[in-house]
Amino acid sequence: MNFLATAARYARLTWFLSGVSLHRLTEYRMDFLLGAGGLLLRVVCQVAVIDMVFRQVPVIAGWNYHQVLFLLGFSLLPRGLDRLFTDQLWILARKLVHNGEFFRYLIRPVHPLFSLLSERFLYPDGFGELLTGVALTWYAAAHLALDLSIGQLLLVPVLVLCGTLVLASIKTVFAALAFWTTSSFPALYAANQLGDFSGYPLDLYHPSLRWLLTWLLPYAFTAYVPASYLLFGHTGMLPWLFVVTVALVTLALVVWHRGVDRYEMTGS
Amino acid sequence: MTGAATLRRYTPFAASSLQSLLQSRSTFLINAVTATTAVGVQVFLWRAVYAGRAGGLPGGYDLPGLTTYVLLAQVLGLLQASRVDEEVAGEVQRGDIAVSLLRPVSYPLARFAAGLPVSLCNAGLVAVPVVLLYALLLPLTAPSWTGCVLFVLSAGLSLVIGFGVNLLVGLAGFVTTNIWGVRIVKDSVVAFFAGQVVPLALMPGPLAAVAHVLPFQGMVDGPLRLLLGRYDGAAGAAGILAVQALWAAVLTGLAALAWRGAVRRVEVLGG
């Protein structure tokens, strides 16, 4: 009961603070357009590359044009959602520990992680990713004549949510390293870059790289695993998706709490 | 003012930039991972294309040739990643730009002097290891000596073009506060039309035509065509260099104009 009340309180807070952030977006319309438009253009370039690849061959690594587009589109959904809500972690990694400002988030009557993230919800750039992701996935699915069952359709939001949690957890772990090293921006950036591999079929890559992206930095679960389930009905990895999500979220929270404890110890 | 005096005047900018660079060595880690990832994604993608085709590609690239192209395209991208845009925009936003106006030097030139050590360090500390790594893993095309000489010349010009583009993007900080968004647009669009992702020769006709009239092709595609010998005789090579030189001059002029306009704006706001 207590847990439910807490969850409801955080949901209400998230709703309210998202409204505040939305208001900020309407104030800085140019910023919003540039951020959202910039990521849209980036996706357009990615699609153009895929177009050029499929001018040469009908199939790569067993995936056809629309299947690759579907994968790319699907990969943008958790990425966009994650960007909408957790981009404050970049600022933590870059400077909040370094300049000592992090203490602000410890004195508020909410969980410090929530306190940090909620300072700015709805990063405008996330909208660009999310909207192009939805459009691409929709377009590709229409051309593939996907025949999804009701169960599969209901599973889609769960898959996206798990992907978002995986991304957010990887980000949290690397950002929280800042509590030990004062700035973890390079590590976070590097880890984030490796996520670029996940927009293409993992079958392209050398097995060692595939293993790395599945088990070490599990970006595979944010797009490749769910997309190959929806497109080809591959269910082998699907149970692992939930195991990995739960394990990563736990790991992220443990690392986060250890880090915050450490910060309090050194705090002057 | 003699050349030597000019050089002396701008050396401190290069020196202090080098100093701060050596303090933030982690930038090199970021650059190395970014370049390695970008090369990896592209190379694996094109290898799969080759595996699915009987003949070569229409652009006439064979697999080692294309791998070399994709690899060196990222290296050129690294050379141009001097963060001039970020620093200029930052100065504008914090108002530090006012201090720069007091200095008896040309701001764009000072910025160029500060950017040069970054490019050179990236070349030495990041590009060489990344190239060596991929050379161990994949077959590459060894360029000819003429190719290498022409490439060095052309890479120098590409540095100026890249600097011009970055300075213009940085000065956009006078107009918008979301320089981060502008930079994302710049990064993806410039990389695409420079031929950093796909050689211009592999682009479909209309797209290649657009890319050829934009200045960005001089940043990556031009130098690499010279390196890999993809030109028609001496006249072809001279043509590539001439177009690069032209764009370098035009962008330098544009940056100077934009800077002058921006300064006027500062004075108006300065009250």
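The values are calculated or read from the model by the stated rules, or taken from the named source; none is laboratory data. All figures in this text were calculated on a predicted structure; none of them were measured in a lab. Backbone-built Cβ (ideal geometry, glycine too); neighbour counts: all protein chains shown. With ligands, DNA and RNA removed, areas are computed over all heavy atoms of the protein, side chains included. Shrake-Rupley method; radii C 1.70, N 1.55, O 1.52, S 1.80 Å.
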Original post:
When residues of segment A:3-32 are filtered for being within 8 Å of another protein chain (Cβ to nearest Cβ), open to solvent by 70 Å² or more (accessible area, probe 1.4 Å) and in a helix (DSSP H, G or I), how many remain?
Top reply: 1
Original post:
Taking residue A:49, is it aliphatic (A, V, I, L, M), open to solvent by 50 Å² or more (accessible area, probe 1.4 Å), at the interface with chain B (Cβ under 9 Å from one of its Cβ atoms) and out of contact with any His (no Cβ under 8 Å at 6 or more places or on another chain)?
Top reply: no
Original post:
Since residue A:215 meets every condition but one in (1) within 23 Å of residue A:73 (Cβ to Cβ); (2) open to solvent by 60 Å² or more (accessible area, probe 1.4 Å), which condition does it not meet?
Top reply: (1)
Original post:
What is the residue count in segment B:139-162 for residues that are open to solvent by less than 30 Å² (accessible area, probe 1.4 Å) and farther than 23 Å from residue B:193 by Cα?
Top reply: 0
**OP:** Name, by its number, the condition in (1) open to solvent by 20 Å² or more (accessible area, probe 1.4 Å); (2) in contact with a Pro (Cβ under 9 Å, 6 or more places away or on another chain); (3) within 12 Å of chain B (Cβ to nearest Cβ); (4) in contact (Cβ under 8 Å) with a residue 60 or more places away in the chain that does not hold for residue A:55.
**Re:** (4)
**OP:** Being touching a helix residue (DSSP H, G or I) at 6+ places or on another chain (Cβ under 7 Å), within 13 Å of chain A (Cβ to nearest Cβ) and at pLDDT 75 or above narrows it down to one of B:75, B:84, B:105, B:33, so name that one.
**Re:** B:33
Original post:
Could you say whether any residue in segment A:118-140 is in contact with a His (Cβ under 8 Å, 6 or more places away or on another chain), in a helix (DSSP H, G or I), among the small types (Gly, Ala, Ser) and under 29 Å from residue A:227 (Cβ atoms)?
Top reply: yes
Subject >> helices (runs of 4 or more DSSP H) fully within segment B:163-271 counting 3 or more residues that are more than 22 Å from residue A:55 (Cβ to Cβ), without any contact (Cβ under 8 Å) to a residue 24 or more places away in the chain and open to solvent by less than 40 Å² (accessible area, probe 1.4 Å) >> reply: B:179-194, B:233-270
**OP:** Would you check if residue B:68 is more than 10 Å from every other protein chain (Cβ to nearest Cβ) and modelled with pLDDT under 80?
**Re:** no
Subject >> Scan of segment B:20-35 for residues that are part of a helix (DSSP H, G or I) and polar (S, T, N, Q), ordered by number >> reply: B:20, B:23, B:26, B:27, B:31, B:34
Original post:
Based on what the data block shows, is residue A:175 more than 15 Å from the chain's Cα centre (by Cα) and small (Gly, Ala, Ser)?
Top reply: no
